[in-house]
1. Within the range 122-136, can you find the residues that are touching a residue at least 60 places away in the same chain (Cβ under 8 Å) and open to solvent by 20 Å² or more (accessible area, probe 1.4 Å)?
2. Being surrounded by 15 or more Cβ atoms within 10 Å (Cβ to Cβ) and among the hydrophobic types (A, V, I, L, M, F, W, C) is the filter; apply it to the range 56-69 and report the residue that is farthest from ARG87 (Cα to Cα).
3. Are any residues in the range 88-119 in contact (Cβ under 8 Å) with a residue 60 or more places away in the chain and under 17 Å from TYR234 (Cα atoms), and if so, which ones?
4. Name the single residue, out of those in the range 14-49 being acidic (Asp, Glu) and not in a loop (DSSP other than H, G, I, E, B), that is modelled with the lowest pLDDT.
5. Between LEU337, LEU310, which is out of contact with any strand residue (DSSP E or B) (no Cβ under 7 Å at 6 or more places or on another chain), open to solvent by less than 20 Å² (accessible area, probe 1.4 Å) and at pLDDT 95 or above?
6. Identify the residue in the range 164-174 that is touching a Pro at 6+ places or on another chain (Cβ under 9 Å) and farther than 13 Å from HIS235 by Cα and, among all such residues, is surrounded by the fewest Cβ atoms within 10 Å (Cβ to Cβ).
7. Just to verify a result, which residue in the range 313-334, among those that are among the polar types (S, T, N, Q) and farther than 18 Å from ASP347 by Cβ, is surrounded by the fewest Cβ atoms within 10 Å (Cβ to Cβ)?
8. Can you tell me which condition GLU229 does not meet? The list is (1) charged (D, E, K, R); (2) in contact with a helix residue (DSSP H, G or I) (Cβ under 9 Å, 6 or more places away or on another chain); (3) surrounded by fewer than 16 Cβ atoms within 10 Å (Cβ to Cβ); (4) under 30 Å from THR180 (Cα atoms), and all the others hold.
Amino acid sequence: MSGIRSQRLLSGMIVAAVAGAASPALAIDDAVVTRIDSGHVAVEWKDADPVSVFVSAVPQADRKGARAVVKADRSGRVVVASQVNERRYFLLRDHGDRSVLRVAERVLPLEQGSNFRDIGGYKGADGKHVAWGKVFRSGAMPLLTEADYGMLEQLKISTIVDLRSTDERMIAPNMLDDRTGAIFISNDYSLKGLMANYGKGDGEYAYRGMDTFLKPQLRQVFASLLRNEGAVMYHCSAGQDRTGITTALIYSALGVDRATILKDYHLSTELRRPQFEMPPLDPADWPGNPIVPYYLASMKKPGGPKAEPLFTSKGNSHLAQFLEMVEKDYGSVAAYLDKELGVDADDIKRLKALYLE
(Lines give C-alpha, C1' and ligand atoms only; values in the text may rest on other atoms or scores of the structure.)
Protein backbone atom coordinates (compact mmCIF):
# COMPACT_ATOMS: atom_id res chain seq x y z
CA MET A 1 0.00 0.00 0.00
CA SER A 2 2.87 2.33 0.80
CA GLY A 3 4.21 1.86 -2.73
CA ILE A 4 0.81 2.77 -4.23
CA ARG A 5 0.55 5.81 -1.99
CA SER A 6 4.04 6.87 -3.07
CA GLN A 7 3.16 6.53 -6.74
CA ARG A 8 -0.03 8.55 -6.23
CA LEU A 9 1.89 11.24 -4.36
CA LEU A 10 4.54 11.37 -7.07
CA SER A 11 1.88 11.58 -9.78
CA GLY A 12 0.18 14.43 -7.92
CA MET A 13 3.47 16.29 -7.63
CA ILE A 14 4.13 15.87 -11.37
CA VAL A 15 0.63 17.10 -12.28
CA ALA A 16 1.03 20.10 -9.96
CA ALA A 17 4.43 20.90 -11.42
CA VAL A 18 3.15 20.69 -14.98
CA ALA A 19 0.12 22.83 -14.10
CA GLY A 20 2.34 25.39 -12.42
CA ALA A 21 4.66 25.51 -15.40
CA ALA A 22 1.74 25.97 -17.77
CA SER A 23 0.13 28.76 -15.71
CA PRO A 24 1.22 32.24 -16.75
CA ALA A 25 2.78 34.53 -14.19
CA LEU A 26 0.44 37.03 -12.60
CA ALA A 27 0.18 40.14 -14.78
CA ILE A 28 0.51 43.65 -13.41
CA ASP A 29 -2.55 44.56 -11.38
CA ASP A 30 -4.02 47.53 -9.51
CA ALA A 31 -1.69 50.05 -11.13
CA VAL A 32 -2.45 53.65 -10.14
CA VAL A 33 -0.79 57.03 -10.35
CA THR A 34 -1.38 59.35 -7.40
CA ARG A 35 -0.19 62.93 -7.16
CA ILE A 36 1.90 63.56 -4.04
CA ASP A 37 2.60 67.25 -4.54
CA SER A 38 3.01 69.78 -7.35
CA GLY A 39 6.23 68.16 -8.51
CA HIS A 40 5.84 64.42 -7.87
CA VAL A 41 3.54 61.46 -8.43
CA ALA A 42 3.62 57.95 -7.02
CA VAL A 43 3.27 55.04 -9.44
CA GLU A 44 2.04 51.94 -7.60
CA TRP A 45 1.23 48.40 -8.73
CA LYS A 46 0.91 44.78 -7.64
CA ASP A 47 2.93 42.04 -9.32
CA ALA A 48 4.87 38.97 -8.19
CA ASP A 49 7.48 39.65 -10.89
CA PRO A 50 9.89 42.59 -11.19
CA VAL A 51 8.53 45.53 -13.17
CA SER A 52 10.22 48.23 -15.21
CA VAL A 53 8.57 51.66 -15.36
CA PHE A 54 8.84 54.09 -18.27
CA VAL A 55 7.41 57.60 -18.64
CA SER A 56 6.27 59.49 -21.72
CA ALA A 57 4.27 62.56 -22.72
CA VAL A 58 2.55 60.46 -25.39
CA PRO A 59 -0.31 58.16 -24.27
CA GLN A 60 0.43 55.18 -26.52
CA ALA A 61 4.22 55.37 -26.64
CA ASP A 62 6.06 52.05 -26.39
CA ARG A 63 9.09 51.62 -24.16
CA LYS A 64 11.45 52.59 -26.96
CA GLY A 65 9.75 55.97 -27.14
CA ALA A 66 9.69 56.47 -23.38
CA ARG A 67 12.24 57.23 -20.69
CA ALA A 68 13.08 54.52 -18.16
CA VAL A 69 12.32 55.46 -14.56
CA VAL A 70 13.25 52.17 -12.84
CA LYS A 71 14.17 48.74 -14.15
CA ALA A 72 13.23 45.34 -12.71
CA ASP A 73 11.72 46.88 -9.57
CA ARG A 74 10.04 44.68 -6.97
CA SER A 75 8.92 47.34 -4.51
CA GLY A 76 5.55 47.99 -6.14
CA ARG A 77 5.95 51.75 -5.76
CA VAL A 78 8.14 54.43 -7.24
CA VAL A 79 8.01 58.21 -6.85
CA VAL A 80 8.57 60.09 -10.10
CA ALA A 81 9.21 63.77 -10.72
CA SER A 82 6.19 65.10 -12.65
CA GLN A 83 5.26 68.76 -12.62
CA VAL A 84 1.62 69.63 -12.02
CA ASN A 85 1.41 71.32 -15.43
CA GLU A 86 2.70 68.22 -17.28
CA ARG A 87 0.55 65.38 -18.53
CA ARG A 88 2.56 62.18 -18.21
CA TYR A 89 1.77 58.54 -19.03
CA PHE A 90 3.54 55.57 -17.48
CA LEU A 91 4.26 52.22 -19.09
CA LEU A 92 4.79 49.25 -16.78
CA ARG A 93 6.50 46.16 -18.17
CA ASP A 94 6.31 42.82 -16.38
CA HIS A 95 9.60 40.89 -16.53
CA GLY A 96 7.82 37.58 -16.03
CA ASP A 97 5.11 37.33 -18.67
CA ARG A 98 6.34 40.38 -20.66
CA SER A 99 2.92 42.00 -20.38
CA VAL A 100 2.68 45.77 -20.59
CA LEU A 101 0.22 48.07 -18.82
CA ARG A 102 -0.18 51.83 -19.20
CA VAL A 103 -1.37 54.07 -16.41
CA ALA A 104 -1.75 57.80 -15.73
CA GLU A 105 -3.30 60.24 -13.29
CA ARG A 106 -7.05 59.81 -13.59
CA VAL A 107 -7.86 63.31 -12.31
CA LEU A 108 -6.10 66.17 -14.02
CA PRO A 109 -4.63 68.49 -11.35
CA LEU A 110 -6.18 71.70 -12.66
CA GLU A 111 -6.03 74.87 -10.57
CA GLN A 112 -9.65 75.85 -11.17
CA GLY A 113 -11.25 72.89 -12.89
CA SER A 114 -13.83 70.48 -11.53
CA ASN A 115 -14.04 66.73 -12.01
CA PHE A 116 -11.84 66.72 -15.14
CA ARG A 117 -10.81 63.10 -15.71
CA ASP A 118 -9.25 60.71 -18.16
CA ILE A 119 -11.62 57.72 -18.50
CA GLY A 120 -8.78 55.30 -19.28
CA GLY A 121 -7.36 52.42 -17.29
CA TYR A 122 -10.31 50.24 -16.33
CA LYS A 123 -10.42 46.61 -17.43
CA GLY A 124 -12.83 46.03 -20.30
CA ALA A 125 -13.66 43.25 -22.77
CA ASP A 126 -11.24 40.37 -23.37
CA GLY A 127 -9.02 41.39 -20.46
CA LYS A 128 -7.94 44.58 -22.23
CA HIS A 129 -7.95 48.02 -20.65
CA VAL A 130 -9.58 51.29 -21.67
CA ALA A 131 -6.91 53.36 -23.41
CA TRP A 132 -5.52 56.44 -21.69
CA GLY A 133 -5.35 59.86 -23.32
CA LYS A 134 -8.21 59.32 -25.77
CA VAL A 135 -11.39 60.25 -23.91
CA PHE A 136 -11.89 62.88 -21.21
CA ARG A 137 -14.85 64.01 -19.09
CA SER A 138 -15.44 67.06 -16.92
CA GLY A 139 -17.72 69.53 -15.22
CA ALA A 140 -18.13 73.08 -16.52
CA MET A 141 -14.93 75.08 -17.04
CA PRO A 142 -15.73 78.83 -16.85
CA LEU A 143 -12.90 79.70 -14.45
CA LEU A 144 -9.90 77.84 -15.89
CA THR A 145 -6.56 79.60 -15.39
CA GLU A 146 -3.85 80.14 -17.97
CA ALA A 147 -1.94 77.26 -16.39
CA ASP A 148 -5.01 75.05 -16.76
CA TYR A 149 -5.36 75.91 -20.44
CA GLY A 150 -1.65 75.16 -20.88
CA MET A 151 -2.12 71.67 -19.47
CA LEU A 152 -5.29 70.97 -21.44
CA GLU A 153 -3.61 71.98 -24.69
CA GLN A 154 -1.27 69.01 -24.15
CA LEU A 155 -4.21 66.60 -24.44
CA LYS A 156 -4.63 67.24 -28.18
CA ILE A 157 -8.42 67.29 -27.87
CA SER A 158 -10.02 67.28 -31.31
CA THR A 159 -13.71 67.32 -30.35
CA ILE A 160 -15.62 68.77 -27.40
CA VAL A 161 -19.25 67.75 -26.88
CA ASP A 162 -21.06 70.09 -24.49
CA LEU A 163 -23.96 68.20 -22.91
CA ARG A 164 -25.40 71.30 -21.24
CA SER A 165 -28.56 73.20 -22.04
CA THR A 166 -28.64 76.56 -23.81
CA ASP A 167 -29.40 78.21 -20.44
CA GLU A 168 -26.23 76.82 -18.87
CA ARG A 169 -23.98 77.58 -21.82
CA MET A 170 -25.12 81.21 -21.91
CA ILE A 171 -23.96 82.04 -18.39
CA ALA A 172 -20.87 79.80 -18.32
CA PRO A 173 -19.52 79.54 -21.87
CA ASN A 174 -16.95 76.91 -22.76
CA MET A 175 -13.75 78.55 -24.07
CA LEU A 176 -11.63 75.41 -24.32
CA ASP A 177 -12.39 74.93 -28.01
CA ASP A 178 -11.15 78.46 -28.79
CA ARG A 179 -7.92 77.79 -26.92
CA THR A 180 -7.24 74.35 -28.41
CA GLY A 181 -8.80 74.54 -31.87
CA ALA A 182 -11.12 71.63 -31.06
CA ILE A 183 -14.44 71.19 -32.86
CA PHE A 184 -17.24 72.28 -30.51
CA ILE A 185 -20.56 70.39 -30.64
CA SER A 186 -23.72 71.21 -28.70
CA ASN A 187 -27.48 70.91 -29.01
CA ASP A 188 -29.91 73.63 -27.98
CA TYR A 189 -32.49 72.65 -25.38
CA SER A 190 -34.07 74.22 -22.31
CA LEU A 191 -33.08 73.21 -18.83
CA LYS A 192 -36.76 73.25 -17.87
CA GLY A 193 -37.39 70.17 -19.96
CA LEU A 194 -34.47 68.34 -18.39
CA MET A 195 -35.55 69.18 -14.84
CA ALA A 196 -39.21 68.24 -15.40
CA ASN A 197 -38.66 64.59 -14.50
CA TYR A 198 -35.68 65.10 -12.22
CA GLY A 199 -37.71 66.62 -9.42
CA LYS A 200 -40.68 64.26 -9.56
CA GLY A 201 -41.74 61.87 -6.85
CA ASP A 202 -39.59 60.94 -3.87
CA GLY A 203 -36.26 61.21 -5.66
CA GLU A 204 -36.17 57.61 -6.82
CA TYR A 205 -35.34 57.02 -10.50
CA ALA A 206 -34.29 60.65 -10.86
CA TYR A 207 -32.82 60.01 -14.32
CA ARG A 208 -36.15 58.84 -15.71
CA GLY A 209 -36.47 59.94 -19.36
CA MET A 210 -32.77 60.75 -19.78
CA ASP A 211 -32.41 57.84 -22.20
CA THR A 212 -34.50 59.72 -24.78
CA PHE A 213 -34.01 63.33 -23.66
CA LEU A 214 -30.22 63.14 -24.13
CA LYS A 215 -30.31 61.26 -27.43
CA PRO A 216 -28.94 64.16 -29.56
CA GLN A 217 -25.97 64.70 -27.25
CA LEU A 218 -25.26 61.00 -26.78
CA ARG A 219 -25.36 60.42 -30.53
CA GLN A 220 -22.78 63.17 -30.98
CA VAL A 221 -20.46 61.66 -28.38
CA PHE A 222 -20.53 58.19 -29.93
CA ALA A 223 -20.25 59.58 -33.46
CA SER A 224 -17.15 61.52 -32.36
CA LEU A 225 -15.62 58.42 -30.81
CA LEU A 226 -16.27 56.38 -33.94
CA ARG A 227 -14.73 59.03 -36.21
CA ASN A 228 -11.48 58.62 -34.27
CA GLU A 229 -10.12 62.00 -35.30
CA GLY A 230 -8.30 62.62 -32.03
CA ALA A 231 -9.06 62.84 -28.33
CA VAL A 232 -12.71 63.41 -27.43
CA MET A 233 -13.91 65.39 -24.43
CA TYR A 234 -17.47 65.79 -23.15
CA HIS A 235 -18.94 67.57 -20.14
CA CYS A 236 -22.00 69.00 -18.43
CA SER A 237 -22.14 71.45 -15.50
CA ALA A 238 -21.21 69.21 -12.59
CA GLY A 239 -19.64 66.44 -14.64
CA GLN A 240 -21.66 63.84 -12.75
CA ASP A 241 -25.23 63.31 -14.00
CA ARG A 242 -25.38 63.74 -17.79
CA THR A 243 -21.62 63.15 -17.94
CA GLY A 244 -21.97 60.14 -15.63
CA ILE A 245 -24.65 58.59 -17.84
CA THR A 246 -22.55 59.19 -20.96
CA THR A 247 -19.48 57.62 -19.37
CA ALA A 248 -21.47 54.60 -18.16
CA LEU A 249 -22.73 53.96 -21.69
CA ILE A 250 -19.21 54.20 -23.13
CA TYR A 251 -17.83 51.86 -20.48
CA SER A 252 -20.70 49.42 -21.09
CA ALA A 253 -19.91 49.39 -24.80
CA LEU A 254 -16.27 48.63 -23.98
CA GLY A 255 -17.11 45.77 -21.63
CA VAL A 256 -16.27 47.42 -18.29
CA ASP A 257 -18.10 45.59 -15.49
CA ARG A 258 -21.08 47.19 -13.76
CA ALA A 259 -19.45 47.43 -10.32
CA THR A 260 -16.52 49.40 -11.75
CA ILE A 261 -18.88 51.67 -13.71
CA LEU A 262 -20.84 52.52 -10.57
CA LYS A 263 -17.72 53.03 -8.47
CA ASP A 264 -16.32 55.42 -11.07
CA TYR A 265 -19.64 57.30 -11.23
CA HIS A 266 -19.65 57.94 -7.50
CA LEU A 267 -16.12 59.38 -7.59
CA SER A 268 -17.74 62.63 -8.71
CA THR A 269 -18.84 63.44 -5.16
CA GLU A 270 -15.24 63.77 -3.99
CA LEU A 271 -13.75 65.05 -7.24
CA ARG A 272 -16.12 67.93 -7.90
CA ARG A 273 -15.15 71.49 -6.95
CA PRO A 274 -18.46 73.31 -7.36
CA GLN A 275 -16.93 76.71 -6.67
CA PHE A 276 -15.25 76.53 -10.09
CA GLU A 277 -18.28 75.33 -12.05
CA MET A 278 -20.04 78.69 -12.29
CA PRO A 279 -18.75 82.28 -12.58
CA PRO A 280 -20.05 85.05 -10.28
CA LEU A 281 -23.65 85.83 -11.21
CA ASP A 282 -25.92 88.86 -11.04
CA PRO A 283 -29.50 87.60 -11.47
CA ALA A 284 -30.48 90.94 -13.04
CA ASP A 285 -28.26 90.06 -16.00
CA TRP A 286 -30.13 86.81 -16.65
CA PRO A 287 -33.89 87.33 -16.32
CA GLY A 288 -35.85 84.13 -16.84
CA ASN A 289 -32.80 81.87 -16.92
CA PRO A 290 -33.87 78.78 -14.89
CA ILE A 291 -30.39 77.79 -13.77
CA VAL A 292 -29.59 81.11 -12.08
CA PRO A 293 -31.85 80.68 -8.99
CA TYR A 294 -30.42 77.18 -8.47
CA TYR A 295 -26.83 78.39 -8.49
CA LEU A 296 -27.54 81.43 -6.33
CA ALA A 297 -29.22 79.20 -3.73
CA SER A 298 -26.26 76.81 -3.69
CA MET A 299 -23.79 79.67 -3.31
CA LYS A 300 -25.67 80.99 -0.26
CA LYS A 301 -25.38 77.70 1.61
CA PRO A 302 -23.04 77.71 4.64
CA GLY A 303 -19.57 77.05 3.30
CA GLY A 304 -20.67 77.61 -0.29
CA PRO A 305 -21.81 75.07 -2.89
CA LYS A 306 -21.16 71.41 -2.11
CA ALA A 307 -21.25 68.18 -4.08
CA GLU A 308 -24.10 66.00 -2.87
CA PRO A 309 -23.79 62.19 -2.84
CA LEU A 310 -25.40 60.62 -5.91
CA PHE A 311 -27.77 58.43 -3.96
CA THR A 312 -31.48 58.66 -3.24
CA SER A 313 -32.76 59.16 0.31
CA LYS A 314 -33.21 55.38 0.43
CA GLY A 315 -29.56 54.81 -0.49
CA ASN A 316 -30.05 53.82 -4.12
CA SER A 317 -27.53 54.91 -6.76
CA HIS A 318 -29.06 57.21 -9.38
CA LEU A 319 -26.96 55.61 -12.10
CA ALA A 320 -27.81 52.06 -11.01
CA GLN A 321 -31.49 52.97 -11.29
CA PHE A 322 -30.97 54.51 -14.72
CA LEU A 323 -29.25 51.37 -16.02
CA GLU A 324 -32.00 49.28 -14.45
CA MET A 325 -34.61 51.29 -16.40
CA VAL A 326 -32.65 50.93 -19.64
CA GLU A 327 -32.39 47.17 -19.26
CA LYS A 328 -36.08 46.91 -18.38
CA ASP A 329 -37.21 49.03 -21.34
CA TYR A 330 -34.74 47.81 -24.00
CA GLY A 331 -33.53 44.44 -22.75
CA SER A 332 -29.89 45.52 -22.45
CA VAL A 333 -27.61 48.52 -22.71
CA ALA A 334 -26.38 47.21 -26.07
CA ALA A 335 -29.97 47.10 -27.37
CA TYR A 336 -30.51 50.68 -26.19
CA LEU A 337 -27.34 51.85 -27.93
CA ASP A 338 -28.50 50.19 -31.14
CA LYS A 339 -32.14 51.30 -31.11
CA GLU A 340 -31.84 54.85 -29.78
CA LEU A 341 -28.29 55.95 -30.62
CA GLY A 342 -27.67 53.98 -33.82
CA VAL A 343 -24.60 52.28 -32.32
CA ASP A 344 -24.87 48.71 -33.61
CA ALA A 345 -22.80 45.57 -33.06
CA ASP A 346 -20.25 46.56 -35.73
CA ASP A 347 -19.87 49.96 -34.08
CA ILE A 348 -19.31 48.29 -30.70
CA LYS A 349 -16.63 46.13 -32.26
CA ARG A 350 -14.96 49.21 -33.72
CA LEU A 351 -15.13 51.07 -30.40
CA LYS A 352 -13.41 48.16 -28.68
CA ALA A 353 -10.70 48.10 -31.33
CA LEU A 354 -10.13 51.84 -30.97
CA TYR A 355 -10.39 52.33 -27.23
CA LEU A 356 -9.14 49.10 -25.64
CA GLU A 357 -5.52 48.02 -25.45
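1. First, pick out the residues of the range 122-136 that are touching a residue at least 60 places away in the same chain (Cβ under 8 Å): 122-126, 128-136.
If the condition is that a residue be touching a residue at least 60 places away in the same chain (Cβ under 8 Å) and open to solvent by 20 Å² or more (accessible area, probe 1.4 Å), then TYR122, LYS123, ASP126, LYS128, HIS129, LYS134 are the ones that fit.
2. VAL69
3. Within the range 88-119, ARG106, VAL107, GLY113, SER114, ASN115, PHE116, ARG117, ILE119 qualify.
4. Going through the range 14-49, the residues acidic (Asp, Glu) turn out to be 29-30, 37, 44, 47, 49.
Subset that is not in a loop (DSSP other than H, G, I, E, B): 29-30, 37, 44.
Working: ASP29: 79, ASP30: 85, ASP37: 97, GLU44: 97.
Restricting to residues being acidic (Asp, Glu) and not in a loop (DSSP other than H, G, I, E, B), the top hit is ASP29.
5. On the way: LEU310 fails: out of contact with any strand residue (DSSP E or B) (no Cβ under 7 Å at 6 or more places or on another chain).
Just one listed residue meets the conditions, LEU337.
6. ILE171
7. SER313
8. The one condition GLU229 does not meet is (2).
The values are calculated or read from the model by the stated rules, or taken from the named source; none is laboratory data. Only a predicted model underlies this, so the values are computations on that prediction, with no experimental measurement involved. Counting neighbours? That spans all protein chains shown, and the Cβs are built from the backbone with ideal geometry, glycine included. Each accessible area value is taken on the protein alone, full model and side chains, heavy atoms only, with ligands, DNA and RNA left out. Shrake-Rupley method; radii C 1.70, N 1.55, O 1.52, S 1.80 Å.
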